[in-house]
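Asker: Pasting in a structure now, in structure tokens, and then I'll have a few things to ask.
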Amino acid sequence: MLLTDRLNDAQLLRDKAYINGGWVAAHEAAGFSVYNPATGAPLATVPDCAAEDTRAAIAAAEQALIVWRETPAPLRASLLRALHGLLLKHEEDLAQLITAEQGKPLAEALGEVRYAAAYVDWFAAEARRTYGDVIPAASADRRLLVVKQPIGVVATITPWNFPLAMLARKVAPALAAGCAVVSKPAEATPLSALALAELTSRAGFPAGVFNVLPTSSGDRVGGELTSNPVVRKLSFTGSTATGKLLLSQCAEGVKKVSLELGGNAPFIVFDDADLEAAVAGAVAVKFRNSGQTCICANRFIVHEKLYDEFAERLALAVNALSVGDGAEAGTDQGPLINAAAVRKVENQLEDAVASGAHVICGGARHERGGSFFQPTVLVNVRGDMRVAREETFGPVAPLLPFQSEAEAVELANQTQAGLAAYFYTADMARAWRVAEQLEYGMVGVNETAISSEAIPFGGIKESGLGREGSSYGIDEYLELKHICMGGLG
Ligand code: ADP
């Protein structure tokens, strides 16, 4: 079935770049195809933007900023509320777009749309709360003030794993703060971003405050976004390697940078854990989106007393997952995004098995072919194997045994990543102790559904800079300015 036939509103499938409130082709007039990872079918051909298109979008944003930054916060808030309403109104179509270009099951895609919409709603409210301060002065003839102002033109670069939500949680606070935005979605998934642009237009946002540039090569658009002096801030979500590169590119112009990079989340099961809850949490946090989320559990660190039972129960639950096209009812796990993702998983598995690990469930490509992979559980894993050291970004659960609490924490912290960590225990004192010892930006205790618009999402160490969501999230798009009022005596 054609994608447009699945949509109630075919206008949400856009195949042009969105610059200055208009739908345009790329200057070089080149295009590239977007494919459905479940079927390999082409979905659309979109413009392949490059530096010249990026300069046009930046110029449009710079122009739009003049009015937008002066637009009263309640008005910005009401436009964001309108956008929130439209996201929910079109949630089913948006979910179809996400599933078509990204592969996740429709139910997960619908969850992503609502998650994205929640950030827009949250920041509609935060737009009105960018309060300043008055600082007590040392002399009576002065008043010392702090005001918060929009940082200016913001660039966003986002990944394919949550093509709508990763964008919404950058664009919503940026627009709420009074910034104008130029966005580069991932090559594999530009359609969700273009649909968001369509909805900002319908919501009534002025031309130029939000621009979307599809491209097949991130570096061409990214090079301009990071070198153009008009861009004052970059917000990036993606791999650690690309994040480091972009950070170095932004150093030249001393741009403000937010980075949400790779994780290597530990999931510790202590000997006093509720095993049933731990297994349910493990399945939810490992196999969602086929293991392609940056807060997916990457290593299961399980007390030796429970190790065999946990492995057995996990394998049982994982065997019950149904692999298929995300658009089909009953699918629990869709395909991986592409062939390279499958090869990465295979390489890690080969390395682990060659070093003594055993596959107790899955372990190979799925019979559906393409980029489908079997949900996999691996035992006898050690911390020095690639599957434990590197982020897998696929449906593989490696289980490492431990004996003491100190050993578990040491294993968990044995990485340069520091995004999310999880552990299961019934001991309250241990819950506090371990939560404080884990070197991660987010810790789930007896819970894996840790993310929402209300919390500061982000990592420490090499997992990133800055936080998204919550009352802290809007600060990433604001500058503090001190105003010293003198001569008041
Ligand atoms: P992944 O491995 O998940 O694809 P990437 O970090 O490569 O992670 O991709 C995340 C985003 O970064 C995508 O939008 C991608 O196009 C973009 N990207 C990758 N390389 C560059 C680059 N050199 N400059 C700008 N953007 C880039």
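The values are calculated or read from the model by the stated rules, or taken from the named source; none is laboratory data. These numbers were taken from a predicted model, which means no experiment stands behind them. Heads up, the Cβs are rebuilt from the backbone with ideal geometry, glycines too, and the neighbour counts pull from every protein chain shown. To get the accessible areas, we keep the full protein, side chains included, count just its heavy atoms, and leave off ligands, DNA and RNA. Shrake-Rupley method; radii C 1.70, N 1.55, O 1.52, S 1.80 Å.
Asker: Roll a 1.4 angstrom probe over the protein heavy atoms and tell me the percent of accessible area of the chain that is carbon or sulfur. Please list the in-between numbers first.
Answerer: On the way: 9920 of 18950 Å².
C and S fraction of accessible area: 52 percent.
Asker: Would you mind getting the Kirkwood hydrodynamic radius of the range 338-477 from its Cα pairs, rounded to one decimal in Å? Spell out each step's value before the answer.
Answerer: Details: mean 1/r = 0.0590 Å⁻¹.
Averaging 1/r across every pair of different Cα atoms and inverting gives 16.9 Å.
Asker: A follow-up question, please. Could you go through the range 246-257 in sequence order and give the Karplus-derived ³J(HN,Hα) for each residue, using 6.51 cos²θ - 1.76 cosθ + 1.60 with θ = phi - 60°, rounded to whole Hz, and x for Gly and Pro?
Answerer: Working through the residues one at a time gives 5, 4, 5, 5, 6, 4, 4, x, 6, 7, 6, 10 Hz.
Asker: Right, something else. Please list the non-local residues whose amide H lies under 5 Å from the amide H of Gly444, H modeled 1.01 Å from N, same-chain partners needing a gap of 5 or more.
Answerer: Ala421, Tyr422, Phe423
Asker: Moving on. Show the residues, 5+ positions off or on another chain, whose built amide H is closer than 5 Å to the amide H of Gly31.
Answerer: The list, which skips near neighbours in sequence, is Asp48.
Asker: At what distance in angstrom do the alpha carbon centres of the range 21-85 and the range 156-178 lie from each other?
Answerer: When both Cα centres are located, 12 Å separates them.
Asker: If contacts are Cα pairs under 8 angstrom and at least 6 residues apart, what is the relative contact order of the range 180-333 in percent? Each step should come with its number before you reach the end.
Answerer: Values: 178 pairs, mean separation 23.7, N = 154.
About 15 percent, as a whole number.
Asker: Continuing with the same structure: If you plug each phi of the range 434-440 into the Karplus form 6.51 cos²θ - 1.76 cosθ + 1.60 with θ = phi - 60°, what whole-Hz ³J(HN,Hα) values come out, in order, with x for Gly and Pro?
Answerer: 3J(HN,Hα) across the range 434-440, in whole Hz: 5, 4, 6, 7, 6, 8, 9.
Asker: So how strong a dipole does the range 354-421 carry about its Cα centre when Lys and Arg Cβ are +1 and Asp and Glu Cβ are -1, to the nearest 20 debye?
Answerer: 340
Asker: Please list, in chain and number order, the residues 5+ apart from Val209 or on another chain whose amide H is under 5 Å from its amide H, with Hs placed from the backbone.
Answerer: The list, which skips near neighbours in sequence, is empty: none.
Asker: Which residue, chosen from Val134, Ala280, Val387, occupies the Cα position most advanced towards the positive end of the dipole of the chain, where the dipole is computed from +1 (Lys, Arg) and -1 (Asp, Glu) charges on Cβ about the Cα centre?
Answerer: After comparing all options, I get Val134.
Asker: In addition: What translational D, rounded to a whole number of µm²/s, comes out for the chain from Stokes-Einstein when the hydrodynamic radius is the Kirkwood one over Cα pairs, at 20 °C and 1.002 mPa s?
Answerer: Approximately 92 µm²/s, per Stokes-Einstein.
Asker: While we're looking at this one, here's another question. For the range 208-221, take each phi angle, set θ = phi - 60°, evaluate the Karplus expression 6.51 cos²θ - 1.76 cosθ + 1.60, and give the result in whole Hz per residue in order, putting x for glycine and proline.
Answerer: For the range 208-221, the Karplus-derived couplings read x, 6, 9, 10, 10, 10, x, 7, 8, 9, x, 5, 5, 6 Hz, x marking Gly and Pro.
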